[in-house]
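Heads up, the thing below is written out as structure tokens.
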Amino acid sequence: MTTQATLKALIADDIENAATAAQIARAITDAITFYATKRFYFNETRSSTFVTVAAQSRYTSSDDADIPKFIQLDGMFLVDSSSLIYDLGQPIDPMLMELLLDSGASSSRPNEFSWYEQTFAFHPIPDGVYTIRPVGVIKKD
């Protein structure tokens with residue numbers, strides 16, 4: 001089943017009432033919408049990565065196309081230049097992150113992050129290149 005037309009034909013063959021093609025298409029769209037934010041094995045990811053830039057605290061879709069696709073975040077990992085992996089834990093409150101970053105935050109290896117408006121923010125502000133690996137559920141296209 002690779003296309004909606006194929007799916008509509010299969011459904012039309014299976015049902016015993018006189019549903020129209022439009023009704024079937026609407027039901028398919030409703031099902032897709034309902035399940036779009038549910039967790040399944042095929043929408044979990046740990047392979048999405050991006051790199052930080054020195055003196056840049058926030059990262060959006062321009063840094064990694066997968067960032068705005070996250071619908072559930074299970075964790076965040078940082079890999080430094082010596083290949084050590086750090087667990088950044090759970091996101092901190094975005095308002096706290098704003099206060100930290102607005103108060104002249106220092107630059108160093110990040111040890112906490114926030115997730116807000118499809119943006120990841122890190123504190124302390126990265127002082128170099130680190131590989132970031134978010135883990136969680138993403139919306140599939």
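The values are calculated or read from the model by the stated rules, or taken from the named source; none is laboratory data. None of the values given here were measured: they were computed from a predicted structure. Accessible surface is based on the protein model in full, side chains and every heavy atom, while ligands, DNA and RNA are left aside. Shrake-Rupley method; radii C 1.70, N 1.55, O 1.52, S 1.80 Å.
Observations on the model:
- Label of the coordinate-derived value, percent of Cα pairs over 24 Å apart, listed as (1) 23; (2) 44; (3) 53: (2)
- Portion, in percent, of the accessible area of the chain that falls on carbon or sulfur, probe 1.4 Å: 54
- Cα-based reach from Lys139 at 20 Å (exclusive), listing aspartates and glutamates while leaving out same-chain residues under 8 positions away: Asp30, Glu44, Asp63, Asp64, Asp66, Asp74, Glu117
- Helix 21-35 axis, angle to the chain major axis (alpha carbon atoms, nearest 10°): 30
- Surface accessible to a 1.4 Å probe, Thr45 within the full protein complex, Å²: 20
- Accessible area of Leu78 in the full protein assembly, 1.4 Å probe (Å², nearest 10): 0
- Solvent-accessible surface of region 31-130, averaged per residue with a 1.4 angstrom probe and all protein chains in place: 58 square angstrom.
- Heavy atoms of Glu112 accessible to a 1.4 Å probe, total area in Å² rounded to 10: 50
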